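The values are calculated or read from the model by the stated rules, or taken from the named source; none is laboratory data. Keep in mind that this is a model prediction, so the values were computed, not measured. Backbone-built Cβ (ideal geometry, glycine too); neighbour counts: all protein chains shown.
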């Protein structure tokens, strides 16, 4: 991130920080009284510098950033401290003053490109109104220039399109164009790429880097990803439960974290501690995050439990007037999964990985090809056999908020599959539910609670307990940890590894996150546009990837190029 | 877009045939003899009855009657009703009155409903919002005929701001009171729909982004909240326009408005098939065209909806 221009600039303004946040406290008024979302935040950004705030959801990082641009939700207010912009305290500035500052002094790139552009206005108009509101020239050429600078090709034509005609990456480029269109001195980038695929993420962040360097813009980057923060920022500020717990130059902080929370964060950041959990365990490495029972890794029996042969799925896309075009979502995919092992299918959105999972679960019928489970072709199963098959193959889905019935309490959720399959009587079922809760390390007292009273990690544990209820042999995890914060993610991955060695489970893991693959999988299948492009043992694929696509995916992991912190390496 | 509009207009043909057939059959199947009803207690000479039955083809089977109706329709000869008045003239007399009434009611709903809804939504939880919510709930809860009589009594008789009944040769100003009554219930729905929609859109991410771009509050409200909030409201208003045309029977009755509702009611009572079907046919056309208009407006408001592919 450092260039000659930048050093000169920060040199000439040495004594004067652009933004200084001092002892900031932010309070939210809720139905049950006042909640302090931010208790004590402080940070300094020099001109041209990039500072990242890292923390999990609820740590107050986004709230702190929103306060700096005066966009706190209506029930929130700054209850203490100062936000100094060039020495002027804007913590409680008038709305009129904030409107003057927004856009041309402080810009923002928001998190989710899908929801941050107004669907009813053309992209060009949304750029134009920004330029106009800040008194800049706003003719069609000016708009196209702004879009072209953000890396949108054919900008004149693109400006006439609507957001829904753009891909996620293009929308994020449009939002970056809007955020930087009036050359603000400070850009607040709130998780600017967390909704995008890794390869797109890298391109966009590179472009953002180039643009802010050229313009000499200071950047306040909000992220939950420590690897990304370390790679992109000059300084990292770690927030935890509303407090800044640690701050310092990125690499220094990463290699020598002082605060216990930062230490845990570094240890569990999948992009940094990219070692297989079980391998680490075998080597006797014991950290809190890598704790697992001592018994040796179940030696994988050599039989192939699941065999996928030439699997193809073609969808018909309607193109109007009764015509349709074929779209091959999965193209001639073959691989096999050995009993007691973990196979990961990895790829970007649209690669067909979830379609494979749905066909294995027998929720979608393949167009051609076979899925052989334990020696039997699953397409030949009758109604009763299919019912039995479902008992042996269980799914865990991505969204722990959406996949649990909000009207069922935890006991009923976990008991339901037992009841459906007529297992035991009421008393034995209750005993089983209690055992399952123990297995996934949830207190038995939780049985009477409802999903909305649980945290994301707890819900995913419930989903795991539900999947385990019927003693399945295979569990298909479709992005099962993607929605979780890093620390919770590490806990759930540990739980899955532990359950595998205790129960001899076989996992098929669908994910876009290569860092997670490295932690949990024995074998990895890389998919691109419906085709299987590379397959092999995880360590081989990671150490010597054969295909360009796999290399691109690996390079795109944030922080992959950084040295590992000494105590983990 | 042009091909879409053409396709939609072609769809009018089966819809039109279907509805007229259905309505014609229902009138045909009504119990009682229309000619007997026409004469009430008097017993006309058999020759007169026979002549009338011949004139209105009442002795023919249903399909022949319906066929003759269609033939007349396409030759623009709607014939005469049982009182020997040309039906076309009747339509020409009643539809303008109801159209005026419906347009006034629509303006009351659309303009005031949206205006009040937007202000209530932007001031959610404040005094104005709470008041408007309570009042609109009362309006929705009280039946139209009660509202109608209360308004007639208060504004028509006691305060004498408007004529309590309309009568013949109604003008725009004569119809204001019935239009208010007719539009009031939908006004309350439009208000609540707009309010809910505005509240939802106020918290949308793109509204926050628009503010972050440095736009002033009025601009944010006008370009980013209002247009997006109109999408569900327009759908409701369009579906409601047909209801305003046809469903004015109660209101037209209370205020003695010589419109479609009144005429249709009388024609149904007399079993006058040709008149009922003629009125319903025009209503069907209005309804279909209003819905087409709404769909086009909808596509203009929300570019994600496109019909031409």
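A few remarks follow.
- Set side by side, the residues A:124, A:107 differ, and just one is away from chain B (no Cβ under 12 Å), touching a helix residue (DSSP H, G or I) at 6+ places or on another chain (Cβ under 7 Å) and modelled with pLDDT of 90 or more, which is A:124.
- Of the strands (runs of 3 or more DSSP E) entirely within region A:304-391, those holding at least 3 residues that are touching a strand residue (DSSP E or B) at 6+ places or on another chain (Cβ under 6 Å), surrounded by 12 or more Cβ atoms within 10 Å (Cβ to Cβ) and without any contact (Cβ under 8 Å) to a residue 60 or more places away in the chain occupy A:304-318.
- Taking region A:227-245 as the range and being under 15 Å from residue A:260 (Cβ atoms) and in contact (Cβ under 8 Å) with a residue 24 or more places away in the chain as the test, the residues that pass are A:238, A:239, A:240, A:241, A:243, A:244.
- Some residue of region A:502-515 being at positive phi and in contact (Cβ under 8 Å) with a residue 12 or more places away in the chain: yes
- Unmet criterion (only one of (1) facing another protein chain (nearest Cβ under 10 Å); (2) surrounded by fewer than 21 Cβ atoms within 10 Å (Cβ to Cβ); (3) over 30 Å from residue B:286 (Cβ atoms)) for residue B:199: (1)
- Enumeration of residues in region A:112-121 that are surrounded by fewer than 23 Cβ atoms within 10 Å (Cβ to Cβ) and more than 8 Å from every other protein chain (Cβ to nearest Cβ): A:114
- Within region A:83-104, considering residues that are within 7 Å of chain B (Cβ to nearest Cβ) and part of a loop (DSSP other than H, G, I, E, B), the one nearest to residue B:225 (Cα to Cα): A:103
- Residue list for region A:307-317, restricted to those being at pLDDT below 90 and farther than 15 Å from residue A:351 by Cβ: A:314, A:316, A:317
- Elements of type helices (runs of 4 or more DSSP H) in region B:230-309, at least 1 residues being without any contact (Cβ under 8 Å) to a residue 40 or more places away in the chain and within 14 Å of chain A (Cβ to nearest Cβ): B:273-301
- Residue list for region B:208-229, filter: surrounded by fewer than 20 Cβ atoms within 10 Å (Cβ to Cβ) and at the interface with chain A (Cβ under 9 Å from one of its Cβ atoms): B:216, B:217, B:219, B:223, B:227
- Within region A:165-175, one or more residues are within 19 Å of residue A:202 (Cβ to Cβ), at pLDDT 90 or above, assigned to a helix (DSSP H, G or I) and touching a strand residue (DSSP E or B) at 6+ places or on another chain (Cβ under 7 Å).
- Check on residue A:252, more than 23 Å from the chain's Cα centre (by Cα), surrounded by fewer than 22 Cβ atoms within 10 Å (Cβ to Cβ) and modelled with pLDDT of 70 or more: yes
- Checking region A:156-164 against the condition returns a match, with at least one residue being within 28 Å of residue A:62 (Cα to Cα), within 14 Å of chain B (Cβ to nearest Cβ) and surrounded by fewer than 17 Cβ atoms within 10 Å (Cβ to Cβ).
- Put simply, of A:189, A:174, A:247, A:229 the only residue that is in contact with a helix residue (DSSP H, G or I) (Cβ under 6 Å, 6 or more places away or on another chain) and either away from every other protein chain (no Cβ under 14 Å) or buried (at least 24 other Cβ atoms within 10 Å of the Cβ) (or both) is A:174.
- A single member of A:394, A:398 is part of a strand (DSSP E or B), closer than 30 Å to residue A:332 by Cβ and within 26 Å of the chain's Cα centre (by Cα), and it is A:394.
- Any hit, region B:170-192, residues being more than 14 Å from chain A (Cβ to nearest Cβ), part of a loop (DSSP other than H, G, I, E, B) and surrounded by fewer than 19 Cβ atoms within 10 Å (Cβ to Cβ): yes
- Screening the candidates A:347, A:375, A:322 for the property of being at pLDDT below 90 and under 23 Å from the mean Cα position of the chain (by Cα) yields one hit, A:347.
- The condition (being in contact with a strand residue (DSSP E or B) (Cβ under 9 Å, 6 or more places away or on another chain), surrounded by fewer than 22 Cβ atoms within 10 Å (Cβ to Cβ) and more than 9 Å from every other protein chain (Cβ to nearest Cβ)) is satisfied by just one residue among A:139, A:80: A:80.
- Among the residues of region B:139-146, at least one is outside any helix (DSSP H, G or I) and surrounded by fewer than 18 Cβ atoms within 10 Å (Cβ to Cβ).
- Filtered by the rule that a residue be surrounded by fewer than 15 Cβ atoms within 10 Å (Cβ to Cβ), part of a strand (DSSP E or B) and modelled with pLDDT under 90, region A:1-47 gives A:29, A:30, A:33, A:34, A:35.
- For beta carbons closer than 8 Å, sequence separation of 6+ or different chains, a first residue in region B:128-142 that is farther than 17 Å from residue B:183 by Cβ and a second that is not in a helix (DSSP H, G or I), the qualifying pairs are B:129/B:123.
- The listed residues are A:63, A:74, A:130, and the only one of them that is within 14 Å of chain B (Cβ to nearest Cβ), assigned to a loop (DSSP other than H, G, I, E, B) and either within 29 Å of residue B:230 (Cβ to Cβ) or within 24 Å of the chain's Cα centre (by Cα) (or both) turns out to be A:74.
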